[in-house]
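Here the structure is laid out as structure tokens; the discussion comes afterwards.
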Amino acid sequence: MLNESKKFLLDLLFPKICISCQKEGTYLCSDCFGILEVSSLHTPYKTKYLDDLYFPLPYQNPILKKLIQNFKYPPFIKELSQPLSSLIIAHLQLIEKPPEFFQDFSILPIPQSKKRLKWRGFNQAEELAKELASFFKIGILNNVIEKIKETESQVNLTEKERKENLKGAFSLRKPELIKHKRIILVDDVYTTGATMEEVAKILKENGAKEVIGIVIARANPGEDKI
């Protein structure tokens with residue numbers, strides 16, 4: 001009851017407005033959701049450590065870009081995790097990947113450094129992971145991997161610099177929880193893949209059976225700059 005009252009007051013003082021068309025009531029109205037061209041195709045994607053990658057839209061889409069930027073950067077709209085995860089779910093439904101397909105997986109959000117977490121107030125990958133875990137009805141692997149090194153923001157770096165930037169940035173805390181597991185790595189945007197590949201490398205080298213990635217969007221190098 002207390003949470004409902006708090007939510008009512010927040011909605012009253014700070015009404016939700018569609019990021020795209022400014023219509024009140026939601027951060028992404030049904031009309032704007034409908035004009036987003038969620039992909040109905042999936043091209044298998046494999047790297048040295050990542051077994052596949054799923055994403056609903058390219059980062060070039062102006063509506064999607066605005067949603068992601070309002071999620072990751074000021075004003076840090078945490079509730080955008082709901083419409084953004086809905087885009088991922090719509091994509092998986094269009095390519096005929098039902099929730100049952102992921103029943104043997106566990107979800108692991110890409111971790112953030114303590115400094116970044118304090119700045120934003122939440123880990124955007126974890127918020128997306130919560131929504132997807134609820135939809136798939138599978139567990140989240142929290143605090144299994146931590147980011148132990150403060151790194152420069154990836155958006156301003158070249159592909160080579162991104163890889164160097166992330167060396168030694170992550171540490172596996174609970175290897176027993178990932179051995180022989182099939183794992184979904186969740187992040188917001190996949191650009192060069194340096195972050196996801198670094199985490200997937202740690203997982204595979206410590207016994208993970210399969211690692212796939214799920215993100216909101218895929219970007220070309222340079223496109224993820226704000």
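The values are calculated or read from the model by the stated rules, or taken from the named source; none is laboratory data. These figures come from a predicted structure and were not determined experimentally. Every residue, glycine as well, gets a Cβ built from its backbone with ideal geometry; the counts of neighbours run over all protein chains shown. When the accessible area is computed, the model is the full protein with side chains, heavy atoms only, and any ligands, DNA or RNA have been set aside. Shrake-Rupley method; radii C 1.70, N 1.55, O 1.52, S 1.80 Å.
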Worksheet, complete the sentence: Taking only protein heavy atoms and a 1.4 Å probe, the highest-to-lowest accessible-area order of H42, H180 is H180, H42
Fill in: Compactness index (Cα Rg / 2.2 N^0.38 Å), the chain
1.01
Worksheet item: How high is the relative contact order of the chain, in percent, with contacts defined as C-alpha pairs under 8 Å that are six or more residues apart?
Response: 23
Discussion item. How much accessible area per residue does the chain have, counting only protein heavy atoms and a probe of 1.4 Å, in square angstrom?
Written reply: 53
Worksheet, complete the sentence: Of the listed links K48/K97; K16/K118; K114/K174; K181/K201, those spanning more than 20 angstrom between alpha carbons are K48/K97; K16/K118
Discussion item. From the alpha carbon gyration tensor of region 68-172, can you work out the equivalent ellipsoid semi-axes (sqrt of 5 times each eigenvalue) and give them in Å, largest to smallest?
Written reply: 26, 17, 14
Item to complete: Anything over 28 Å Cα to Cα? Flag those among K66/K179; K115/K160; K23/K137, in the order listed.
Response: K66/K179; K23/K137
Practice prompt. Please give the length that would be gained between Q82 and E146 if that part of the chain were fully extended, namely 0.36 nm times their separation in residues minus their C-alpha to C-alpha distance (nm, one decimal).
Written response: 20.6 nm
Worksheet item: For the chain, what % of the accessible area comes from carbon and sulfur atoms, probe 1.4 Å?
Response: 53
Fill in: FRET efficiency for W119 and S30, using Cβ-Cβ distance with R0 set to 41 Å, rounded to 0.05
0.80
Response to the item:
Here FRET efficiency (C-beta to C-beta, F101 to E205, R₀ 22 Å, nearest 0.05) is 0.30
Item to complete: For E161 and E176, calculate 0.36 nm times their separation in residues minus their Cα-Cα distance, and state this gained length in nm to one decimal.
Response: 2.2 nm
Worksheet item: Which of L166, Q103, N142 sits farthest toward the positive end of the charge dipole of region 103-210, with +1 on the Cβ of Lys and Arg and -1 on the Cβ of Asp and Glu?
Response: N142
